[in-house]
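One structure below.
The values are calculated or read from the model by the stated rules, or taken from the named source; none is laboratory data. What you are looking at is a predicted structure, and each value in this text was computed from that prediction instead of being measured. A quick note on method: Cβ atoms are made from the backbone with ideal geometry, for glycine too, and the neighbour counts reach across all protein chains shown. Heavy atoms of the whole protein, side chains included, go into the accessibility calculation; ligands, DNA and RNA do not. Shrake-Rupley method; radii C 1.70, N 1.55, O 1.52, S 1.80 Å.
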Amino acid sequence: MNKRTLLVALAALAAAGYYFYGSGGGSSDKPAPGTPAVVFDTGGKFDKSFNEGIYNGAEKFKTETSQAYGEFEITNEAQREQALRNFADKGYSPIIAAGFAQAAALGKVAAEYPNIKFAIIDDSSITLPNVQSIVFKEEEGSYLVGLLAAMASKTGKVGFVGGMDIPLIRKFACGYVQGVKATNPAATVFQNMTGDTGAAWNDPVKGGELTKAQIAQGADVIYHAAGGTGVGVLQAAADNGALGIGVDSNQNGLHPGKVLTSMLKRVDVAVYNVMKSAKDGSFKAGTTSLGLAQDGVGYAMDDNNKALVSPPMIAAADAAKAAIVAGTLQVHDYMTDEKCPVQ
Amino acid sequence: MMKKVHGELPHWVDTALIPAVNLVVALLVAGLVVLIIGENPLEALGILLKGALGSVRGWSYMLYYATNFTFTGLAVAVAFHAGLFNIGGEGQAYVAGLGAALAGLGLEFLPWPIALLIGIMAAMAFGALWGFIPGYLQARRGSHIVITTIMFNFIAASLMVYLINNWFRPAGRMAVESREITHISLVNLLPPSPLNAAVFLAGLAAWFTWYLLWRTRLGYEIRAVGANPEAAVYAGIKPQRVIMITMAISGALAGLMAVNEVLGVHHRLILEFAGGAGFVGIAVALMGRSHPVGVVLAALLFGLLYQGGAELSFAKPAITRDMIVVIQGLVILFMGALEQAFRPVLAAFFFAPEKA
């Protein structure tokens, strides 16, 4: 490498730039007005969990209305803002951002494009007239599966495998432990987190190892909130005679008869509703909180787990659900004080 | 008369033609992959190039990515010259973010130019520390630098998750990030793109690296240790000392990436802001032959691939982000691992006339 080479290379780059600059922006083709767009989080849209729920909601809207939608999967932090602005620039609306990690970028871009509707899932920190924030009461759904886990457990020991030690996952864990302890105060709950890098959400092998370790300590029902890692958790539970509990999407069918239930977090419904409300003009800004009362969270029953959940268990879960909806049973939300009353 | 097949190729063939041929072959193979999934390769290449070079915003994003890759590429390159394979750029940059954020959030009582300067120095110092420890373990304890730097990436990730979660995150906030750094920031050159004054810092770092390696006594010692540690001892050089200093310099260079991200782009300490740039730096250094000019050019190429790739998967959802990684991987394969593959062909072409 010498100076001349550098000059030649820079000149070539500049010439190429001039050539393409003249030919205009390659992605200037605009979509039809009112075309929605989705920005998935780093997990990717086929994570069998959170992002896939969002994908399913968007696909449902597409099938029903024959309305195509724009989509982008994030690979690095700088792309969050870039993708949102790209969609806004082209006039996509509503633009849905998946996950709390997009909050800072969405707040910035939404302020620049007041005429475009935005929605963000799992965050409520943005207060702009064109942003709808959707959060879920994960603790309520987790409470119910905790209750079911405690009733299904023969050893009195249950497990929880989280993705990363972040507030959202602690919120899941705290609701779960409350449900377990309310049903069997003597029960033990083992809690493990998978890792500290983005890989923690997509590491089925590590998830399986943690599950086996918990089973070795006596756990016989294991709940996961770990995205793609959970596939390994459910696999290890099924292979070692324990029961798994799925999360976000209905994962009962991954191992029929070996998955006790799934804690449903209906991000698919949320995404579908945002797209539909924008289409029929009923889109509202502000925070929507979806819990058991709104069927935003819940536990999954289908043919795959019918034999595992006995009528008394269903009765107990439904009674707890009714009490939570009526307000007579309070499930503590970890985010209010960042503490969990039980461990 | 002897055939001059093994003679020296003209300089411009080595430095310009061979990389260009490699790049073209890489793009051809990548084009085949695009063809297999049912998209038009020429159109895809057009979108990729246009996405990076077709607008001011494209250029600015390309330069922003190139800034990161220059820092991490230089970090790897400096270590290479001492015969050290520093895989820890990712962790060094991540921990360096801690220094930048501490200065940004904690020094609000100082005038901002001083605080900014301290912020940059702190990022370099934290990065240097994270490089120095594996350097010390290599020099004094014989623990292999490849193993320790990988380990230090994981330690950095755990440390940062813990600190951001429990120390930096404002109470009640779901997002795992610190509050906004408002006191100091690098000048944003072309808003709304993330390009900021750190790009000049990258140029300065490249010049500094060249000056250090080829114009200073320490640089000579670094290269001597890299060429032959035993011989270096006879020249009065202490390899242990050089290894530790080199790793600290390497870590400091990687740490500058945190200045770009934390003080220039996000203005807060966020989870995983390094985003793999530390590992891309290895490819950048290899492709750039560990020379600062080569590193800058390779960083620009990777910046182009990153920005153009993002635009490509934006315009063509069928070409997923994983496909973009495949295309980037092919470019690395042909330009790095198979760089000499076409050399004999070119050599035969150049020296053929002398046979007659």
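Contact order normalised by length for the range B:74-196, with contacts defined as Cα pairs under 8 Å and 6 or more residues apart; what percent is it?
Values: 133 pairs, mean separation 33.2, N = 123.
Relative contact order of the range B:74-196: 27 percent.
Under the definition of Cα pairs under 8 Å and six or more residues apart, what whole-number percent is the relative contact order of chain A? Numbers along the way, then the final one.
On the way: 718 pairs, mean separation 61.5, N = 343.
Once normalised by length, the contact order is 18 percent.
Which whole-number percent gives the relative contact order of the range B:27-144, counting Cα pairs below 8 Å spaced six or more residues apart? Write down the numbers at each step before the final one.
Working: 73 pairs, mean separation 18.6, N = 118.
Value for the range B:27-144: 16 percent.
Put +1 on the Cβ of each Lys and Arg and -1 on the Cβ of each Asp and Glu in chain B; which of B:LEU45, B:GLY135, B:ALA20 then has its Cα farthest toward the positive end of the dipole?
B:GLY135
So how much slack lies between B:ARG223 and B:VAL29, counting 0.36 nm per residue of separation and subtracting their Cα-Cα distance, in nm?
Values: separation 194, 0.36 × 194 = 69.84 nm, distance 3.66 nm.
Stretched out fully, the B:ARG223 to B:VAL29 stretch lengthens by 66.2 nm.
Cα gyration tensor of the range A:142-266, axes a ≥ b ≥ c as square roots of the eigenvalues: rounded (a/c below 1.5), prolate (a/b > b/c) or oblate?
Here the range A:142-266 falls in the rounded category.
Find the Rg to Rh ratio for the range B:76-230, where Rh is the Kirkwood radius over alpha-carbon pairs and Rg uses the same atoms.
Over the Cα atoms of the range B:76-230, Rg/Rh equals 1.02.
Averaged over B:11-24, how many beta carbons belonging to a partner chain fall within 10 Å of each residue's beta carbon?
Mean number of neighbouring Cβ atoms from other chains: 2.
Rounded, prolate or oblate: which fits chain B, taking a ≥ b ≥ c as square roots of the Cα gyration tensor eigenvalues, rounded meaning a/c under 1.5, else prolate when a/b beats b/c? Intermediate results must be reported in sequence, preceding the final value.
Working: a/c = 2.07, a/b = 1.22, b/c = 1.70.
It comes out oblate by the Cα gyration axes.
Enter the Cα centre distance for the pair the range A:51-66 and the range A:295-343, rounded to the nearest angstrom.
27 Å
Points 7 angstrom from Cα along the Cβ direction at B:HIS144 and B:GLU230: gap in nanometres?
For B:HIS144 paired with B:GLU230, the spin-label model returns 2.0 nm.
What do you get for Rg/Rh of the range B:144-287 when both radii come from the Cα atoms and Rh is the Kirkwood radius? Could the numbers behind the result be given before it?
Numbers: Rg = 18.7 Å, Rh = 17.8 Å.
Answer for the range B:144-287: 1.05.
Which net charge results for the neighbourhood of A:ASP203, defined as the other residues with beta-carbon distances under 13 angstrom from its beta-carbon, given Lys and Arg at +1 and Asp and Glu at -1? Walk me through the numbers on the way to the answer.
Numbers: positive: A:LYS206; negative: A:ASP47, A:ASP196, A:GLU209.
Cβ neighbours under 13 Å give a net charge of -2.
Average projected area of the Cα convex hull of the range A:68-155, in nm²? Show your work: numbers first, answer last.
Values: hull surface 32.6 nm².
Mean projected area of the Cα convex hull: 8.1 nm².
When we measure straight from the Cα of B:LYS50, which lysines land under 21 angstrom away, once same-chain ones fewer than 8 places off are left out?
A:LYS30, A:LYS90, B:LYS316
Please give, to one decimal in nm, the separation of the simple spin-label points placed at B:ILE114 and A:ALA323, each 7 Å out from Cα toward the Cβ.
6.1 nm
Which whole number in µm²/s is D for the protein assembly as shown by Stokes-Einstein, with the Kirkwood Rh taken over Cα pairs at 37 °C and 0.692 mPa s? Walk me through the intermediate numbers first.
Details: Rh = 27.2 Å.
Rounded to a whole number, D works out at 121 µm²/s.
If you take each beta carbon of peptide B:167-175 and count the beta carbons of other chains within 10 angstrom, what is the mean? Let's see the in-between values first.
Details: counts 0, 0, 3, 1, 4, 6, 8, 14, 12.
Mean shielding count: 5.
Take the Cβ-Cβ distance between B:PHE208 and B:SER158 as r, set R0 to 35 Å, and report the resulting FRET efficiency rounded to the nearest 0.05.
Efficiency computed from Cβ-Cβ geometry: 0.65.
With a 1.4 Å probe and all protein chains left in place, how much of the accessible area of the protein assembly as shown comes from carbon and sulfur atoms, in whole percent? Before the final figure, lay out each step's value.
On the way: 17950 of 28600 Å².
Carbon and sulfur atoms account for 63 percent of the accessible area of the protein assembly as shown.
Would you work out if the range B:31-112 is rounded, prolate or oblate? Take a ≥ b ≥ c from the square roots of the eigenvalues of the alpha-carbon gyration tensor; rounded if a/c is under 1.5, else prolate when a/b is larger than b/c, oblate otherwise. Walk me through the intermediate numbers first.
Values: a/c = 3.15, a/b = 1.68, b/c = 1.88.
Verdict is oblate for the range B:31-112.
Could you compute the FRET efficiency for A:ASP239 and B:LEU42, with r as their C-beta to C-beta distance and R0 at 45 Å, rounded to 0.05?
On the way: r = 49 Å, r/R0 = 1.08.
Efficiency for this residue pair is about 0.40.
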